[in-house]
Amino acid sequence: MTSISSNNVLIDKVGHITTIGINRPEKRNCVDFNTATQIKNAIAQFEEDSNSYAAVLYGTGGNFCIPLTDGATVRLQAMIGLSRALDLILTGRSLNAKEAFEWGVVNRIVACGTVISSIPALGQAINLATSLVKFPQDCLNVDRDSTYNAAYNKAYEDLLKYEQKNGRRLLISDATKGAKRFISGIGKHGKAYNLTEKDVCEWEKEFSESNKILNPKSKL
């Protein structure tokens, strides 16, 4: 096993399998610019390694995050349909494992009993990768490319470029503001009721101040 630590990204190699871990547990593995660059470099390194046939991408500390503009708006609607994709993308709501499986967001549900490096379910992903590297790799890659071609009608690269170009407009303005609000606690765990700050009228402010004077908190 080889191990390379790159600040926010952990890279390990076991045989023909590369594991890439997002390592910002204190930030719930939120992907900032530096982390995104490290992930990009790790994936490029994997792609250039002719002796590594499969990669497993995971998050440490029980959380996983890859930003929506990294291909999710392109792939998601092809996976689960336009209606359901818009439901998730526009509301940002969370799915439980059962619903995610029924929709096709995930293709299997595993128990949290298989643990590698104290990370539940990572072992199951590595087991799957191990089963893939046993097959002739040229055949697998040709079949995968044909499947992608059928799903996206030869427009996959163009769709990804449009998503990236369209998403860049928000990185400096809305995305940055939204990320700061999320870190402060707004919208966490898929909760949508606290996304906007409530406007308080002047009479409400006066009533609140009067109530504090009339009903002071007990010092006992």
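General remarks:
- Nonlocal amide H pairs with ALA54, under 5 Å, H built at 1.01 Å: THR18
- FRET efficiency for the ARG28 to ASN127 pair, using the beta carbon distance and R₀ = 22 Å, is estimated at 0.25.
- Out-of-range pairs (alpha-carbon distance over 29 Å; input LYS27/LYS98; LYS13/LYS98; LYS40/LYS154; LYS98/LYS154): LYS13/LYS98; LYS98/LYS154
Laboratory data are not the source of any read-out in this text; all were calculated from the coordinates shown. Bear in mind the structure is a predicted one, so any value in this text is a computation, not a measurement. Every residue, glycine among them, receives a Cβ derived from its backbone with ideal geometry; neighbour counts consider all protein chains shown.
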